[in-house]
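Below you'll find the structure, written out as structure tokens, and then a few comments.
Read-outs: derived from the displayed coordinates by stated rules, not from any lab. Every value quoted in this text rests on a predicted model; they were computed, and no experiment measured them. Counting neighbours? That spans all protein chains shown, and the Cβs are built from the backbone with ideal geometry, glycine included.
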């Protein structure tokens, strides 16, 4: 226990608490001097909480040591290129490390923790929805200053945002661990920035959870004003949490792009990179740029609340629809941030388990870029009913439908990849195939939402809820699990239990189909999104009960996974060689990966996916004498 | 070649099965809630084509995938690799260009269907809609009627001019299909032609606060005769209601009070008014107070001051009404016993 | 290019670019007070931005061939340069978002601001960029003393800009009725947009000043040389970026549209 309290995580959290008190105290003191009120419903006033939360994040980062080297540089001091990790075992992961592999695992485990929290929230409100009328989230109950329906709204909103953050962290985790290994780099381009990107996500998660106890916010994860301008102070914690997590995503993406451009092994031309790297770049382009806009949109609402600046307040000449434009400029491309790496994992793993080249490598690579670029031009399809300018609707319908083309290229290429392969079905492959089918359903239910007239019916219903859970599960969750099962031996030298893995898959997949089919069906019938209760006359009770049971089964399957994950670290079957018989460079060296990655640099001498071509090789390790070349 | 023929046949079979299956489930030729507006016919037409495309594309991917998974799975003891081919550029071009063409067609159909549902009838009746947390109010400017139930004549286009006084709401009657946000600070338009007599409900589709789930009001599509009768009846009531109670009742509808406060004892977001006047009310701070003129008046002007136990934290916004208006409302509340 | 150019040629080029920029700013002002053509203002701002990006920020260096050794200072500087530009790209989306907000909320109207002051602070910032360029050129040729002097001038001018905006302009704007009082900008979106845009820019000026102080201080400790001065280059590029943003914000706030 004592060792836990001396870790960077514990120190950071302690400093965040101190920072929050200092910031809040500062504002409270100033307000006292100015003769303003100094306490409010949640002890501090809103400006005090905001500055406190902001200071909390800064203090966390300063206190846990992730910015120490930068301060040294600013003072003109030199630091070693790489700090060796002082710790081993679990302590290594709770302290600041510059090793991309450690950071990748830190990201991944944090993502799993957040997925569990977000999933727990979902189960809570799913339980309430199992029957019409209010059962336990009643008007009379009160928790954290909220009654049942208000708490429902907060939990539902937090489920959305916590899952989004966990996905961003999961994406960053896989990219961090895998991309430098695939490129043959020793680390990311900017190891300190990499550590910073991870650690800023921790106080961000704390802020998001703080919003729950500070009155909640109940605006949906979208936080549309004027509703968010009227929500309790919790909404400010939510905004600051999102902005901090946004910086994590932006800086992480910057690092990935720089790494891919500057740190590739000799001979690794653009079209000889592993396909996952293409996906990582496409995702990072979006995350690097568009993320700023969600930060800005939330910041403007923050300032509207703090200083009365009427950006979105119609009474002051503001425009509520402007917020939606700024918000969706990120939040639509964001779904491509979530899914592109997952689709990259699918493309990466299919050839390995089909023992065949990836069909149409260049087309798949280009389709990732295509999705990323078209993704910038489709945001207003979330606003067909918003009352925005009429003439914007048809162009945005067309741009949205265009996304189907690069996505279609991926599907067709995947099918052609497994055609005449020699397929085997270990757990990662199951999740890859499951991901394809689920994502197919998500993809196919997209165009009806793009066609404006149909969307006028579907918008804000459970049809949308089902549609995007399909896209996110198919595009992220299934491939993410596939990636974890697949690269687990690389990180630990052990395999996860196959039986439990298959149980996880066969429990989760059918439950998930039931869940989203049910959602879409009642959505068509008139089930609105984001409601705590529904009219019993609509006859949705039995479907909702089934959905809730399906939700619990998914939760159970994830629990099995988590047990398997942590249990296998110590007790898994040893797997130190090329478990999957892959051509990728990281599998050509023994597992777990050595601290400084490759002892000998490699050179790319062939195509990455030439499975079944006799005598071909993707990479060749040079003798130690030769120097490293780009 | 044999593989391709089998898969080709299976794709067609699967596509048909998928479509038929979805139709049996009630989500293909028509979205499920009955078509109650002219616009819903056009929307369901578009939806049907989408489903046809979905069924075909679903089969096109899923069949060769399942076929490969079964037929090309590794047999026991086989250690060879798969057949080596890296791609096929003409094929890639085909499956890029054909979807592009499909997208253009689908886009054209979408735009056409949008045009259909936005077709303007110059003789459309105008009704003003006011949305607020958590109720809808409907005003018929031609007749001087205010109602919290929307009555529409069948086969007659109406245009709703919608305004919100607080946050964003969204007007949605599932049977009408079309949905339109109501944004504070502007008037949004909703055009609809009901074609089926019946009782429906408008439900708010944009999260608007704690009682968002309950923000629903009745929508009645009447025959022309019934509609006229209703208008006449409402006008008569309005004329007869030139009493304080009558004016008070109108005010509670107009201001949306009855969205949260029931008049028959049902528990809603706010305390019921049934039997309220003269009763003893337990407040959130533990004290009790007699519900007299002063208490009700104060609760309207400053809802937080009179926070009733079990209903806190109050979500009611303060209302700025004149003394005379409040007196009318209290007169109305007095009648609710 | 600055490495291959000799020092005096580089300095001459800096002067020339400054003259261009000053002339274009004068042209902007002239257009704004006479025939009010928005398109011309947009084009002029783009030309100014291109000049700054090419001659002051040396964007072409992104394309520079560097030697193979990944551990060399030069190679790492290339990576750092890419990282910095990616950051600026990301950051520019914030400013683009603010610009969108301004266009959406204010359209072809503009806040009642003091024209003379606006021109003055713009000139000060432009001048600071000029001295920054001289400083960097000096460092690239190993002239530490000149670098420190020029950076000091830049710092003072930057501070002047910051104080001019925050202390003088903000107060004048408040007197013009852009806000009713602190914490109560009841006067509508004009005040909100003005304070948000200048505030976000001022924050960047402020961080730029810190950055300038850091490199000045490190130069004092003799940490930079003609070959190794990535810190100086980074501070310079960042400072010019702040100027670049103002190239668009100045016409957006002061010149475009009519007063209401």
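Side notes on the structure shown:
- Relative counts (whole %) of C-alpha pair distances in the stretch B:143-264, using bins that are 5 Å wide: 2, 10, 17, 22, 20, 17, 10, 2, 0
- For the stretch A:210-341, fraction of C-alpha pairs farther apart than 27 Å, in %: 32 percent
- For the segment A:407-414, counting C-beta atoms of other chains within 10 Å of every residue's C-beta and taking the mean gives 5.
- Under the simplified labelling scheme, the residue C:69-residue A:599 pair shows an inter-label distance of 2.5 nm, with each label point 7 Å from Cα along Cα→Cβ.
- Among A:234-242, A:565-573, the peptide with the highest mean count of other Cβ atoms within 10 Å heads the list, and the full ranking is A:234-242, A:565-573.
- Exposure proxy for B:167, A:558: other Cβ atoms within 10 Å of each Cβ, ordered fewest to most, give A:558, B:167.
- Packing-based exposure ordering (other Cβ within 10 Å, fewest first) of B:93, A:200: B:93, A:200
- Burial order of peptide ranges A:394-405, A:451-462 (average beta-carbon count within 10 Å, highest first): A:451-462, A:394-405
- Convex hull of Cα atoms in the protein assembly as shown, direction-averaged projection (nm²): 49.8 nm²
- Gaussian network model of chain B, springs between alpha carbon atoms under 10 Å - residue of B:261, B:32, B:84 with greatest fluctuation: B:84
- The distance between label points at residue B:337 and residue A:136 comes to 4.4 nm (points 7 Å beyond Cα on the Cα→Cβ vector).
- Helix-only [θ]222 nm of chain A, DSSP H runs n ≥ 4, -39500 (n - 2.57) each, per residue, nearest 500: -22000 deg cm²/dmol
- Among A:327-335, B:276-284, B:148-156, A:76-84, the peptide with the highest mean count of other Cβ atoms within 10 Å heads the list, and the full ranking is A:327-335, B:148-156, B:276-284, A:76-84.
- Each Cα pair under 8 Å and six or more residues apart adds its separation to the average, and for the stretch A:360-483 the resulting relative contact order is 29 percent.
- Shielding of C:14-27 by partner chains, average beta-carbon count, 10 Å: 0
- Tensor-based shape of the stretch B:1-110 (alpha-carbon gyration tensor, a/c under 1.5 rounded, otherwise prolate or oblate): oblate
- Shielding by partners - mean other protein chain Cβ count within 10 Å, residues of A:320-331: 3
- Most mobile of B:95, B:172, B:230 in a GNM of chain B (Cα contacts under 10 Å): B:95
- Sites residue B:229 and residue B:121, calculated FRET efficiency, Cβ-Cβ separation with R0 22 Å, nearest 0.05: 0.45
- Residue C:39-residue B:284 pseudo-label distance in nm [points 7 Å out on the Cα-to-Cβ vector]: 5.9 nm
- Theoretical FRET efficiency, 1/(1+(r/R0)^6), r = Cβ-Cβ of residue A:562 and residue A:424, R0 30 Å, to 0.05: 0.70
- Size descriptor for the stretch B:71-227, Kirkwood hydrodynamic radius: 19.3 Å (Cα pairs only, one decimal).
- Put the Cα centre of the stretch B:105-120 next to the Cα centre of the stretch A:491-541 and the gap is 34 Å.
- Put in line by how crowded their Cβ is, counting other Cβ atoms within 10 Å and starting with the fewest, A:471, A:127 read A:127, A:471.
- The relative contact order of the stretch B:240-290 comes to 17 percent, based on Cα pairs under 8 Å that sit 6 or more residues apart.
- At 1.567 mPa s and 4 °C, Stokes D of the stretch C:173-256 from Kirkwood alpha-carbon radius, µm² per second: 86 µm²/s
- Chain C: most fluctuating residue of C:221, C:144, C:48 per GNM, C-alpha cutoff 10 Å: C:221
- Computed from the Cβ-Cβ distance with R0 of 22 Å, the FRET efficiency linking residue C:168 to residue C:203 stands at 0.80.
- Relative contact order for chain C, counting Cα pairs under 8 Å that sit 6 or more residues apart, in percent: 31 percent
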